[in-house]
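The values are calculated or read from the model by the stated rules, or taken from the named source; none is laboratory data. As the structure is a prediction and not an experimental result, all values here were calculated from the model. Because the Cβ atoms are built from the backbone with ideal geometry, glycine has one as well, and the counts that use them run over all protein chains shown. Just so you know, the surface numbers come from the protein's heavy atoms only, side chains and all, with ligands and any DNA or RNA stripped out. Shrake-Rupley method; radii C 1.70, N 1.55, O 1.52, S 1.80 Å.
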Amino acid sequence: MTPATAYATPGDLSPSRRLGQFTWVTLMCLLAWDFSGLDRTVMHWIADGSGFGLRDNWWMEEILHTRAKQLAIWVYLGLLVMVWWPQGAMRQLTRLQRSEIMTGITLGLITISTLKRFSLTSCPWDLQDFGGAASYVSHWHWGVLDGGAGHCFPGGHASSALAFVGLALPWLGSGLAAQRALGRRILVGVLVTGLVLGLTQTLRGAHYPSHTFWTGFICWAVAVANHLLFGWLAHQRQSRHP
């Protein structure tokens, strides 16, 4: 490990403060979108009563959905292997930090999958407005059936990329500017990829934009909480073995 990627000390709150500020600003923007009603407006721009013309588009369904999900599995397995046999920039991290990354990614995927399992929100392509049988019910109306298949909130496919936000945190939490710059590049790459996958599903009619936004925020919040927990574990270990 190099000092550049060490966990911040308890007295150095600036990295944690920056992560917290980013989290709160993102949440406020997301809530503003959610209550603006733009979700339905965007979907009506894309489709009409005859449905979504891009629902069965080969590039979107085969490449940006199926193949992208398969690629995400290989990336996940590659990172898992690097917990024990790190390569490239991962060599800068301790095994604890590499374990943090894998735990954060895994918890993000599990959280999104679990929320989807219990969600009663149906996909846009199931709505009467677009040729389906369901009525629109906000995902904030928990426990209210909409007459559709449900299990559509948050966006599962986008989590194939957005769950990897935890990959950036060991660098974003560094006290050195160069390391934070690397973390920002990783974070931007993950977010752009996640937004592309989320946009794909929106254009196909599988998800509202907010479903992708919430997926990103949930994965980020889980990763930050996980990062803080592993930081605490590192400090506990250091206090026992100074």
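Among Leu162, Leu109, Leu93, which is farther than 20 Å from Arg55 by Cα and more than 11 Å from the chain's Cα centre (by Cα)?
On the way: Leu162 fails: more than 11 Å from the chain's Cα centre (by Cα); Leu109 fails: more than 11 Å from the chain's Cα centre (by Cα).
One residue alone meets the criteria, Leu93.
Looking at the stretch 81-111, which of its residues are over 18 Å from His227 (Cβ atoms) and among the hydrophobic types (A, V, I, L, M, F, W, C)?
Selection gives Val81, Trp84, Trp85.
Out of the residues in the stretch 197-206 meeting the condition of being part of a helix (DSSP H, G or I) and of a type in the set (A, V, I, L, M, F, W, C), tell me which one is most open to solvent (accessible area, probe 1.4 Å).
Within the stretch 197-206, the first condition is being part of a helix (DSSP H, G or I), and the residues that meet it are 197-204.
Narrowing further to those that are of a type in the set (A, V, I, L, M, F, W, C): 197, 199, 203.
Numbers: Leu197: 12, Leu199: 96, Leu203: 46 Å².
Checked the stretch 197-206; the qualifying residue most open to solvent (accessible area, probe 1.4 Å) is Leu199.
Restricting attention to the stretch 35-43, does a residue exist that is touching a residue at least 12 places away in the same chain (Cβ under 8 Å) and assigned to a loop (DSSP other than H, G, I, E, B)? Steps first, please.
In the first step, residues of the stretch 35-43 are kept if they are touching a residue at least 12 places away in the same chain (Cβ under 8 Å); the result is 38-40, 42-43.
Narrowing further to those that are assigned to a loop (DSSP other than H, G, I, E, B): none.
No; the residues of the stretch 35-43 include none that is touching a residue at least 12 places away in the same chain (Cβ under 8 Å) and assigned to a loop (DSSP other than H, G, I, E, B).
Go through Gly189, Gly231 for me and flag whichever is assigned to a helix (DSSP H, G or I), over 29 Å from Gln70 (Cβ atoms) and either in contact with a helix residue (DSSP H, G or I) (Cβ under 9 Å, 6 or more places away or on another chain) or among the aliphatic types (A, V, I, L, M) (or both).
When all the criteria are applied, what remains is Gly231.
Can you name every residue in the stretch 62-72 that is in contact (Cβ under 8 Å) with a residue 12 or more places away in the chain and either open to solvent by less than 70 Å² (accessible area, probe 1.4 Å) or in contact with a Phe, Trp or Tyr (Cβ under 7 Å, 6 or more places away or on another chain) (or both)?
Leu64, His65, Ala68, Ala72
In the list Gly88, Gly51, which residue meets the criterion of being in contact with a helix residue (DSSP H, G or I) (Cβ under 6 Å, 6 or more places away or on another chain), small (Gly, Ala, Ser) and either at positive phi or open to solvent by 70 Å² or more (accessible area, probe 1.4 Å) (or both)? Give the derivation first.
On the way: Gly88 fails: in contact with a helix residue (DSSP H, G or I) (Cβ under 6 Å, 6 or more places away or on another chain).
None of the other options fit; the residue is Gly51.
Among the numbered conditions (1) more than 21 Å from Gly166 (Cβ to Cβ); (2) open to solvent by 50 Å² or more (accessible area, probe 1.4 Å); (3) modelled with pLDDT under 95, tell me where Gly37 comes up short.
(2)
Among Pro124, Pro209, which is the only one that is crowded, with 24+ Cβ neighbours inside 10 Å and touching a residue at least 24 places away in the same chain (Cβ under 8 Å)?
Values: Pro209 fails: crowded, with 24+ Cβ neighbours inside 10 Å.
The unique qualifying residue is Pro124.
Does Val83 satisfy being surrounded by 11 or more Cβ atoms within 10 Å (Cβ to Cβ) and in contact (Cβ under 8 Å) with a residue 40 or more places away in the chain? Break it down stepwise before answering.
Values: surrounded by 11 or more Cβ atoms within 10 Å (Cβ to Cβ): yes; in contact (Cβ under 8 Å) with a residue 40 or more places away in the chain: no.
For Val83, the condition - surrounded by 11 or more Cβ atoms within 10 Å (Cβ to Cβ) and in contact (Cβ under 8 Å) with a residue 40 or more places away in the chain - is not met.
Within the group Ile112, Ile101, Ile105, which residue is in contact with a Ser or Thr (Cβ under 7 Å, 6 or more places away or on another chain) and open to solvent by less than 70 Å² (accessible area, probe 1.4 Å)? I'd like the intermediate steps shown before the answer.
Numbers: Ile101 fails: in contact with a Ser or Thr (Cβ under 7 Å, 6 or more places away or on another chain); Ile105 fails: in contact with a Ser or Thr (Cβ under 7 Å, 6 or more places away or on another chain).
Going through Ile112, Ile101, Ile105 in turn, the sole match is Ile112.
For the stretch 162-196, which residues satisfy the criterion of being hydrophobic (A, V, I, L, M, F, W, C), open to solvent by less than 10 Å² (accessible area, probe 1.4 Å) and more than 19 Å from Ala89 (Cα to Cα)? Break it down into steps so the answer makes sense when it comes.
So the first thing to find is which residues in the stretch 162-196 are hydrophobic (A, V, I, L, M, F, W, C), and the list is 162-165, 167-169, 171-172, 176-178, 181-182, 186-188, 190-192, 195-196.
Next, from what is left, pick out any that are open to solvent by less than 10 Å² (accessible area, probe 1.4 Å): 162-163, 165, 168-169, 171.
Answer for the stretch 162-196, where residues must be hydrophobic (A, V, I, L, M, F, W, C), open to solvent by less than 10 Å² (accessible area, probe 1.4 Å) and more than 19 Å from Ala89 (Cα to Cα): Leu162, Ala163.
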